[in-house]
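Contents: one structure, followed by commentary.
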Amino acid sequence: MGESEEKNGILDSMPVFAKELIAGGVTGGIAKTAVAPLERIKILFQTRRDEFKRIGLMGSINKIGKTEGLMGFYRGNGASVARIVPYAALHYMAYEEYRRWIIFGFPETTRGPLLDLVAGSFAGGTAVLFTYPLDLVRTKLAYQVVGSAKAQAKAVTIPMEQIVYRGITDCFSRTYRESGFRGLYRGVAPSMYGIFPYAGLKFYFYEEMKRHVPAEHKKDISLKLVCGSVAGLLGQTLTYPLDVVRRQMQVERLYAAAKEETVRRGTMQTLVKIAREEGWKQLFSGLSINYLKVVPSVAIGFTVYDVMKLHLRVPSREETEAEDRTTRKRNTLS
């Protein structure tokens, strides 16, 4: 048996959900790393670091490059990838599974945009619940701004609140010691409020646009990129304020300690307080950067996922549905 035949045999023996998990995980890691520098700057904008909002995108790029070097653009990316790989794996796999469950649980359900909206929404919620602590850690690490070695050599004092965590493990353990299990899910409420519509709308727009692509262009990667870009753009715009609330809730203990402020509590309280004290524009702080990030991220994500499914020989939805119908019919007769 040749190497290619052995590889094909292994792929054929893998269950479909396992292939979807692998495809989703690889997709998440590639897409997230591609836009990590913009994600870092966006988080700094969202979490009220005035020195970054004031100097804008290009100024922030120059500042991080000079003070932290190339790796400064990827601060927190290790936690981000550690989160996004299982998150994306669960998200894409759960979307496919929920879609199948809805179809066979409710046979009268119409195959269309509404199905993708519902399946995508529940898939997003499932993925968030399982991976949220890693997102919290990523945000806390990205929030920290460390001075350059040159600056430290000149005896420039770096505020202690800015150097809090030494890495992913340290951030996890200290957060747990300070706030317990509940502390690891700080800000999860706005995440859930935001992910349901965002994840659902993202899949809705992507699948809806793909339906209008001519059959001869279905495998055209450039068209997949366009569909993914528009889907991410529309979905993110509608849910962005909740993302800002989530980020501020995640880092508020660090910020409050530095400014001697009281800690904000609930999602709506945080949202109202941001709007009242910082203006409604703060609820969209970093949105322009997010557009630059979302367009390539979602476009790359959907495209890589489709390509990975092809290489892993994941059967088409039509084939899977036909096979499931046959199995159910056989089980009913027996």
| Out of the range 12-24, which residues are open to solvent by less than 10 Å² (accessible area, probe 1.4 Å) and either under 14 Å from Ala127 (Cβ atoms) or not in a helix (DSSP H, G or I) (or both)? | Glu20, Gly24
| note | Within the range 40-75, residues being modelled with pLDDT under 80 and open to solvent by 50 Å² or more (accessible area, probe 1.4 Å) number 6
| request: Look at the range 270-304 and say how many of its residues are aromatic (Phe, Trp, Tyr) and buried (at least 23 other Cβ atoms within 10 Å of the Cβ). | output: 1
| Does the range 64-86 contain at least one residue that is over 16 Å from the mean Cα position of the chain (by Cα) and over 21 Å from Thr139 (Cα atoms)? | yes
| query | Does Ser316 count as open to solvent by 80 Å² or more (accessible area, probe 1.4 Å), modelled with pLDDT of 65 or more and among the small types (Gly, Ala, Ser)? | reply | no
| task | Quickly run through the range 109-125 and pick out the residues that are open to solvent by less than 30 Å² (accessible area, probe 1.4 Å) and under 24 Å from Val26 (Cα atoms). | result | Asp116, Ala119, Gly120, Ser121, Ala123, Gly124, Gly125
| task | Please go through the range 91-108 and pick out each residue that is open to solvent by 40 Å² or more (accessible area, probe 1.4 Å) and either of a type in the set (Ser, Thr, Tyr) or within 12 Å of the chain's Cα centre (by Cα) (or both). | result | Tyr98
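The values are calculated or read from the model by the stated rules, or taken from the named source; none is laboratory data. Quick caveat, the model's predicted, so the values are computed rather than measured. Cβ atoms come from the backbone with ideal geometry, glycine included; neighbour counts cover every protein chain shown. Heavy atoms of the whole protein, side chains included, go into the accessibility calculation; ligands, DNA and RNA do not. Shrake-Rupley method; radii C 1.70, N 1.55, O 1.52, S 1.80 Å.
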